[in-house]
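Trainee: Can you keep this structure in mind? I'll have questions shortly.
The values are calculated or read from the model by the stated rules, or taken from the named source; none is laboratory data. Remember, predicted model here, so these are calculated numbers, not experimental data. Virtual Cβ from ideal backbone geometry, glycine too; neighbours counted across all protein chains shown. Just the protein is used for accessible areas: all its heavy atoms, side chains included, with ligands, DNA and RNA removed. Shrake-Rupley method; radii C 1.70, N 1.55, O 1.52, S 1.80 Å.
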Amino acid sequence: MNLDRAVEGWGVLERAVDLARRGTPFVLATVVWREGPSSGQHGSRAIFTATGEIHGWIGGACAEPVFKREAVKTLEAGLPRLLALGASDRFGDLPDGTMAVEMSCQSEGALQIYLEPVISMPHLVIIGDSPMAQTLCEQASQLDWNVELVGGPDFSEGLLSSHSVVVVATQGHGDEDIVVAALKASPAYVGVVASAKRGEVIRSFLAQSFDETELDALRVPAGLDLGSTTHKEMAVAILADLVQRRAAGEFTAAIQMDLPQVETAIDPICGMTVDAVDTSHPLDVGDMTYYFCCPGCRAAFGSQQGV
């Protein structure tokens, strides 16, 4: 696991912008309330990525494991959450929906951390060099989508993934061959800029090589039907349709978590869940190995056990 704790303040937000532009899913954590003593400060921020990288700092040895576990849940659910960490009598009245986590560390501090999932923007591949294609590229870029404008001869299915959104705007110049190549990558969406009559011809051609299930991603004509439009209006109609589909969850891919599987244990002193690893202050008592959130809990348990 990569721990980049040197990044702080605005640097964490700069890192977040970079990750979002690269399409890397992550959770942005911000300390919105604290009661000392606690190493986390108001406004402290950290990032947790789907590959387990941490950039920034929101708290010490007790807060960090909780942050990692809850960040994973936040990414998987795709929904923000508010965490309250500390002894239960330190919380006061918590807002509805707050996840309270008992934390009985020696510092006796308390934190509230807002976890915000940042899911990658759609990968939009526009094929063609028409004014409409260029306008669509400019408009989608204004939404911070990950946009690529590719000429027909330069396109190949290797540019796509199963999460890509494809708009074929070659307008009669090799449409069929390009759509065939695009469909082979099984993208989330393939739209073709064409008339309804031309669309029937394309579908008839594709039906010779693809079944109905494989053609589910195909939309021809692409975009909302606004009647007779200019090329700029056509670009708006296509983008509006894509935005509507994205809002409905059509382009939302399941987050692929690439994290090592780590067993957990309960700290017998404070009750916290900790990773059962060498950095969690293990203590062997008889045939059992116990793990702790901090050296203080380990020492207290050792004293109880006479070791």
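Trainee: Rolling a 1.4 angstrom probe over the protein heavy atoms, how many square angstrom per residue are accessible across region 174-297?
Mentor: Per residue, region 174-297 has 56 Å² of solvent-accessible surface.
Trainee: How far, in nm, would the chain grow between M288 and R69 when pulled straight, counting 0.36 nm per residue and subtracting the alpha carbon separation?
Mentor: Using 0.36 nm per residue and subtracting the Cα-Cα distance, I get 76.4 nm.
Trainee: With a 1.4 Å probe and every protein chain kept in, tell me what percent of the accessible surface of region 193-307 is carbon plus sulfur.
Mentor: The nonpolar share, carbon plus sulfur, comes to 49 percent.
Trainee: Along the Cα→Cβ direction, 7 angstrom out, place labels at Y114 and D144. What is the inter-label distance in nm?
Mentor: That separation, rounded to one decimal, is 1.5 nm.
Trainee: Could I ask something else about it? Could you calculate the contour length gain from T273 to E233, that is, 0.36 nm times the residue separation minus the distance between their Cα atoms, to one decimal place in nm?
Mentor: Answer, rounded to one decimal: 8.8 nm.
Trainee: Could you tell me the calculated FRET efficiency between A240 and Q261, based on Cβ-Cβ distance and R0 = 41 angstrom, to the nearest 0.05? Could the numbers behind the result be given before it?
Mentor: On the way: r = 43 Å, r/R0 = 1.05.
So the FRET efficiency works out to roughly 0.45.
Trainee: Using a simple spin-label model with points 7 Å from Cα along the Cα→Cβ vector, what separation in nm is obtained for A100 and R21?
Mentor: 4.3
Trainee: Stretched out fully, how many nm does the piece from E214 to V201 gain, at 0.36 nm a residue minus the Cα gap? Please list the in-between numbers first.
Mentor: Numbers: separation 13, 0.36 × 13 = 4.68 nm, distance 1.72 nm.
Residue separation times 0.36 nm, minus the Cα-Cα distance, leaves 3.0 nm.
Trainee: Can I ask one more? Can you sort E14, E176 by solvent-accessible area, 1.4 Å probe, largest first?
Mentor: Values: E14 130, E176 40 Å².
I get E14, E176, largest accessible area first.
Trainee: Per DSSP H run of n ≥ 4, the term is -39500 (n - 2.57); total these for the chain, divide by its residue number, and report the mean residue ellipticity at 222 nm rounded to 500 deg cm²/dmol. All intermediate terms of the calculation are to be shown ahead of the outcome.
Mentor: Numbers: 7 runs with 88 residues, N = 307.
That calculation yields -9000 deg cm²/dmol at 222 nm.
Trainee: Using a 1.4 Å probe, how large is the accessible area of E76, given in Å² and rounded to the nearest 10?
Mentor: Ignoring ligands and nucleic acids, E76 comes out at about 130 Å².
Trainee: Each residue of region 120-128 in turn: what ³J(HN,Hα) in whole Hz from Karplus with 6.51, -1.76, 1.60 and θ = phi - 60°, glycine and Pro shown as x?
Mentor: Once θ is set to phi - 60°, the couplings for region 120-128 become 4, 6, x, 8, 9, 10, 9, 10, x Hz.
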